[in-house]
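Worksheet: one structure, shown below.
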Amino acid sequence: MPGQFASAIRILRSIGGVLSGVVLVTFTSLVLYSVVMRYFVARPPIWGEEVPKLLFVWMIFIGAGFAYLAGANIRMTVLIDKVPKAPRRAIELLMHICIAIMLLVILWYSQPIIRLTSGFTSLATGLSQDWTYWALPLGTILLLMNEARRILHLLRGGIDTPTEDHSNG
C-alpha cells in the first residue's frame, strides 16, 4: 500500500506540474495577445483583462498546492537543522498543526466570499464571478492534504524534509 500511495503522489505531482505549466503558458499568451491587440491594432478583446485575471488566480492557488506537495516551496532551515531530532519533530509538528489551523480558517472564510460573488456574472465572459474565488478553497484543500500527510509522517517518527516522500512513515 505505501508503494501505491507513493506512486499516486508522484502522478499527482506530475499532473500538477503539467497543469500549472499549461495555465502559465496560456496566461502569458493571452496577456501578450491582449497587449498586441490593444497597442498595435487598437482593438483590445473584451475579455482581455477578465480571463487572464481568472487564470492568474487559479495558477497561484492551485500552483501553490502542487508546489508544496512537490516540496518546491521556500523553507528556512538554518535553525531547525541544528535542533536534535526529538525536539525538532515537536517543533515541526506544532508548526504544521498551526499551518493546518490557518488553512482551515481560510477554507471556512472562503465560503462566504463564494456565496457573495455567485450572484454576479462577468460582462466580458458570461461566467459567474464565483469561478475566480473557487480557486481559494480548492488550493487550500490541496495544501491541507499535504499538511495532513506531513503531520502523519511526523507522528510516525520521521522528520520533515521538503522533497521527502512521506508515504511510508
Subject >> the stretch 55-169: C-alpha pair distances exceeding 24 Å, % >> reply: 37 percent
Original post:
Quick one: which of 56-62, 25-31 comes out on top by average Cβ neighbours within 10 Å, and what's the full order, highest first?
Top reply: 56-62, 25-31
Original post:
Which longest run of the chain has no exposed loop site in it, a site being trypsin sites (Lys or Arg not before Pro) in a DSSP loop with at most 15 other beta carbons within 10 Å, and the site itself not part of the run?
Top reply: 76-155
Original post:
If each Cα of the stretch 44-89 is one equal point scatterer, what is log10 of I(q)/I(0) from the Debye formula at q = 0.28 Å⁻¹?
Top reply: -0.94
**OP:** Only Lys, Arg, Asp and Glu count, each charged at its Cβ (+1, +1, -1, -1), so figure out the dipole size of the chain about its Cα centre, rounded to 20 debye.
**Re:** 260 debye
Original post:
With a sphere of radius 13 Å drawn around the Cβ of TYR133, what net charge do the other residues whose Cβ falls strictly inside it have (Lys, Arg +1; Asp, Glu -1)?
Top reply: +1
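Computed from the coordinates by the stated procedures, all read-outs in this text should not be read as laboratory data. Just so you know, these numbers come straight off a predicted model, no measurement behind them. Heads up, the Cβs are rebuilt from the backbone with ideal geometry, glycines too, and the neighbour counts pull from every protein chain shown.
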